[in-house]
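Each remark here refers to the structure printed beneath this line.
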Amino acid sequence: MTQWIGRTFTSDAGWNHLEELVDIGDRMAGTDGEREAAESTRDALERVGARDARIEEFDVQGWTRGDSEIRAGDGVQSSIALPRSPDATAAGELVDLGYGLPEDFEETDIEGKVVMAASNVPDYYDRFIHRREKYYYAVEGGAAAFVFRNHVEGCLPPTGSVGTDEDPIGDVPAVGVSKEVGSRLSRRWEGEEVEVAVDADVYDATSQNVHAELGPDTDEEVLVTSHVDAHDIAEGAMDNGAGTAMVVEMARALAEREDELDTKIHFVAYGAEEVGLVGSNVDAENRDLDSIAAIVNNDGVVRGRTLSFYTHGFDALADAAEEVGDDLGHPVKTIPEQGPHSDHWPYVEWGVPGYHVMSETGDEGRGWGHTYADTLDKLEVRDLREQAILLTELTVRLAGEEFEAERKDPEEIAAALEAEDQAEGMKIIGDWPYDE
């Protein structure tokens, strides 16, 4: 029974695949690198024993990062363009909104100005405010340009998409700057005119989702997921090479335990997550959501040793994760709130039981994620193997006859988002799917 644990703790399948992914280079949505990563993942799933490993293509907006700069005083300050920023140049008075909370935008006249906001929120604030939400507040307020300042030291400008899944929004260019550059801009040029210039190419492209299966051919299935794309500025080891490596390692271990599965396991490694959850939205739109027993979405695993699970208020999911942690003597953390920012969400928003599986880092926000420093050396093979053991055992239990997680009405999910003060931001971004 426990021999599979020993084999998982000595397996190199997941880690070797992680190394393959980071060595590809640019895995931006719609690029040749993303396609190569998808093909590599398909082949890896087939090697470890999953059946019918395949790729399904879909259209996506391609976006290529060119040069960007902030011209302040007589010099140029270092920056990087944010994906889906329009190819545009704009100038205006620099306004530093600090954290960029909704009330900061409401209380400040930003019409025609260059708005700067940090990548974090204060400790006292009751929810995380996504980068796209801050960008849309800037656009709604009539800002000329948007500057996204990292809160992490180390001269690391952050990336991350803005705009919509169809076209960049308006003519408001958006760039990321390091904490240090942001501090310099605020100290020396707040209240003075600065210029933000973005050079970017927008075009039609193709992305793809990777699929494979294990277990009995049942109508109901458990989805085990990740995303293969990554931002072009780094290796994408943490976000989200590690998640896709986890899917491969779990497939290897689950193939050993296939006779214990009462429900089909469907592995999906999505494309184009980093530009608006495009791959998972495509899949959700074409899938019978009633056939999904549960989702185990790996996005943020391996960064720390302790697993954390957003459970979206599904008590059965919280209980299952905590029981596995107790039974295997390994701490886990469950978070009941809604987490609408990864590939589980296009299903969970309609009441499908789903986890967003991450790991505790002890740091605020993304840390090295979405920066040049998202590299393989930040991760440990021990953490990948330990977490694969826990997640494999959890998935076997989710696929058992005894497990049942009751679905929620979409109205209940919407009410939870309202209660957690997340609805307003989703509405301004355009991610609110419910009728008003």
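The values are calculated or read from the model by the stated rules, or taken from the named source; none is laboratory data. Just so you know, these numbers come straight off a predicted model, no measurement behind them. So basically every Cβ, Gly included, is an ideal-geometry build from the backbone, and we count neighbours across all protein chains shown. Calculation scope for accessible area: heavy atoms of the full protein, side chains included, ligands and nucleic acids excluded. Shrake-Rupley method; radii C 1.70, N 1.55, O 1.52, S 1.80 Å.
Here are some conditions: (1) surrounded by 16 or more Cβ atoms within 10 Å (Cβ to Cβ); (2) farther than 16 Å from Ala253 by Cα; (3) out of contact with any Lys or Arg (no Cβ under 9 Å at 6 or more places or on another chain); (4) at pLDDT 95 or above. Leu390 meets all but one. Which one does it not meet? With (1) surrounded by 16 or more Cβ atoms within 10 Å (Cβ to Cβ); (2) farther than 16 Å from Ala253 by Cα; (3) out of contact with any Lys or Arg (no Cβ under 9 Å at 6 or more places or on another chain); (4) at pLDDT 95 or above applied to Leu390, the lone miss is (2). Only one of the numbered conditions (1) open to solvent by 10 Å² or more (accessible area, probe 1.4 Å); (2) among the β-branched types (Val, Ile, Thr); (3) touching a helix residue (DSSP H, G or I) at 6+ places or on another chain (Cβ under 9 Å); (4) closer than 22 Å to Ala118 by Cα is violated by Ile233, and that is (3).
So is Ser342 in contact with an Asp or Glu (Cβ under 6 Å, 6 or more places away or on another chain), crowded, with 20+ Cβ neighbours inside 10 Å and of a type in the set (S, T, N, Q) or not? It is true that Ser342 is in contact with an Asp or Glu (Cβ under 6 Å, 6 or more places away or on another chain), crowded, with 20+ Cβ neighbours inside 10 Å and of a type in the set (S, T, N, Q). Restricting Ala414, Ala405 to those that are open to solvent by less than 40 Å² (accessible area, probe 1.4 Å), assigned to a helix (DSSP H, G or I) and at pLDDT 95 or above reduces the list to Ala414. Listed conditions (1) in a loop (DSSP other than H, G, I, E, B); (2) in contact with a Lys or Arg (Cβ under 6 Å, 6 or more places away or on another chain) are all met by Glu195, apart from (1). Looking at the stretch 428-435, is at least one residue under 30 Å from Gly325 (Cα atoms) and not aliphatic (A, V, I, L, M)? Taking every residue of the stretch 428-435 in turn, none turns out to be under 30 Å from Gly325 (Cα atoms) and not aliphatic (A, V, I, L, M).
Applying a threshold of 7 Å to beta carbon distances and a minimum spacing of six or more residues, or different chains, the list of pairs starting in the stretch 3-18 at a residue that is among the aromatic types (Phe, Trp, Tyr) and ending at one that is part of a helix (DSSP H, G or I) reads Trp4/Ala253; Trp4/Glu256; Phe9/Arg385; Phe9/Ile389; Trp15/Ala245; Trp15/Val381; Trp15/Leu384. Each residue in the stretch 114-153 was checked for being out of contact with any strand residue (DSSP E or B) (no Cβ under 8 Å at 6 or more places or on another chain) and either part of a loop (DSSP other than H, G, I, E, B) or not acidic (Asp, Glu) (or both), and 17 of them qualify.
The set of residues from the stretch 111-166 being among the aliphatic types (A, V, I, L, M) and touching a Leu at 6+ places or on another chain (Cβ under 9 Å) comprises Val114, Val115, Met116, Ala117, Ala118, Val121, Ile129, Ala138, Val147, Val162.
Checked across the stretch 369-376, the condition of being of a type in the set (A, V, I, L, M), buried (at least 22 other Cβ atoms within 10 Å of the Cβ) and at negative phi holds for no residue.
Going by what's in this entry, would Gly325 be described as open to solvent by less than 10 Å² (accessible area, probe 1.4 Å) and either assigned to a helix (DSSP H, G or I) or not small (Gly, Ala, Ser) (or both)? Taking the combined requirement at face value, the residue satisfies it. Scanning the stretch 12-39 for residues that are among the polar types (S, T, N, Q) and either assigned to a strand (DSSP E or B) or touching a strand residue (DSSP E or B) at 6+ places or on another chain (Cβ under 9 Å) (or both) yields a total of 1. The requirement of being among the basic types (Lys, Arg), over 15 Å from Ile389 (Cβ atoms) and not in a helix (DSSP H, G or I) is fulfilled somewhere in the stretch 261-269, by at least one residue. Consider the stretch 114-150 and keep the residues that are open to solvent by 40 Å² or more (accessible area, probe 1.4 Å) and in contact with an Asp or Glu (Cβ under 9 Å, 6 or more places away or on another chain). The one that is modelled with the lowest pLDDT is Asp126.
Residue by residue, here is whether (1) at pLDDT below 95; (2) assigned to a loop (DSSP other than H, G, I, E, B); (3) open to solvent by 40 Å² or more (accessible area, probe 1.4 Å); (4) closer than 16 Å to Ala145 by Cβ holds:
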| site | (1), (2), (3), (4) |
| --- | --- |
| Thr41 | no, no, no, no |
| Leu45 | no, no, no, no |
| Ala53 | no, no, no, no |
| Phe58 | no, no, no, no |
| Gly62 | yes, no, no, no |
| Ile70 | no, no, no, yes |
| Pro86 | yes, yes, no, yes |
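Checking the conditions here, which among Thr218, Thr244 is in contact (Cβ under 8 Å) with a residue 12 or more places away in the chain, outside any strand (DSSP E or B) and open to solvent by 10 Å² or more (accessible area, probe 1.4 Å)? After applying the criteria, what remains is Thr218.
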